[in-house]
Amino acid sequence: MTRDAMVTGASTGIGRGGVKVLTGHGWRVFAGVRKPADVDSLRQEFGDKVEPLLFDVTDAAAVGAAAEAVRARLGGRTLQGLVNNAGMAIGGPLAHQPVEEIRRVFEVNVLGAVVVSQAFIPLLGADRGLTGEPGRIVNITSVGGKLAPPFVGDYAMSKHALEAFSDSLRRELMIYGIDVIAIGPGAVVTPIWDKAEQSDESAYAKTDYAVALKTFKDYFIADGRKGLPPERIGEAIYRALTAPKPRARYAVVPNRLVNWTIPRLLPKRLVDRLIAKQLGLTRRP
């Protein structure tokens, strides 16, 4: 029997990597995208293994319509997986970043995941009229959700919230047998780094953060472009959806010792000082 999953943010990067791995294992994937061109691109690459759905995760009505379309295609069976991957980042020093930008990031990264989850939870097994085993939800968080760097606070805060959402939701959905797993990637080679390179920081040019922000941006982009291929995260998604006893969270981080293990063990104040020295954020006389 074909296994089915819904993946949001499937046009590029981690979402597309997840589609590639899942379809490679024989799954049918309902792929959420925002642009008609992405619908065509997915169909060209994956053929009838993927069924693209056009919606924005912040549009509850469109998400609801997508869930109904998936329900019709499932023919009375449960959905095996929901992957909340859609996300965005803007960045900037939090002392100056417009609140509307931060709100937009939370709308997509956090509330978007809530909107999509609420729409698809019945299909994952909360609707007891469906046949089949309960499905699983995989939330794509980030290493930044645990280790929050400066100048991407909007993104780090949203991913930290997504970590909490994953834990709370997992405990609530035990009543249905629906599991919730978080995957926190480190740097992944995606188009996000090209977008970051083209971003405009001129609004902060006259602030005390201008030099440190430029240093951080250059380092962040260079490090990101040396990250993992999206398919590595796709493999973690597949494992989270199929392992008999999946972990509650998977950290998929390149150079794991330096980028994950050691920073998690060091005192936060020491990490603060190391970052400040690297970026020139030490207090000025």
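The values are calculated or read from the model by the stated rules, or taken from the named source; none is laboratory data. Computed from a prediction, not measured in an experiment: that's the story for all the values here. Please note: Cβ atoms are built from the backbone with ideal geometry, for glycine as well, and neighbour counts cover all protein chains shown.
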All positions within segment 82-114 that are in contact with a strand residue (DSSP E or B) (Cβ under 6 Å, 6 or more places away or on another chain) and either surrounded by fewer than 18 Cβ atoms within 10 Å (Cβ to Cβ) or small (G, A, S) (or both)
A113
Can A205 be described as farther than 18 Å from I14 by Cβ and touching a residue at least 60 places away in the same chain (Cβ under 8 Å)?
no
Please determine whether any residue of segment 160-181 is touching a Pro at 6+ places or on another chain (Cβ under 7 Å), modelled with pLDDT of 95 or more and aromatic (F, W, Y).
yes
Checking the structure you have, find out if any residue of segment 110-131 is closer than 30 Å to Q278 by Cβ and of a type outside the set (S, T, Y).
yes
Do we have any residue at all in segment 229-241 that's modelled with pLDDT under 95, touching a helix residue (DSSP H, G or I) at 6+ places or on another chain (Cβ under 6 Å) and farther than 16 Å from G184 by Cβ?
no
Which condition number does T58 fail, the rest of (1) within 16 Å of the chain's Cα centre (by Cα); (2) of a type outside the set (A, V, I, L, M); (3) assigned to a strand (DSSP E or B); (4) surrounded by fewer than 21 Cβ atoms within 10 Å (Cβ to Cβ) being met?
(3)
Look through L173, L162, L123 and report the one residue that is buried (at least 19 other Cβ atoms within 10 Å of the Cβ), touching a residue at least 40 places away in the same chain (Cβ under 8 Å) and more than 26 Å from R16 (Cα to Cα).
L173
Quick one: is A251 crowded, with 18+ Cβ neighbours inside 10 Å, without any contact (Cβ under 8 Å) to a residue 60 or more places away in the chain and in contact with a strand residue (DSSP E or B) (Cβ under 7 Å, 6 or more places away or on another chain)?
no
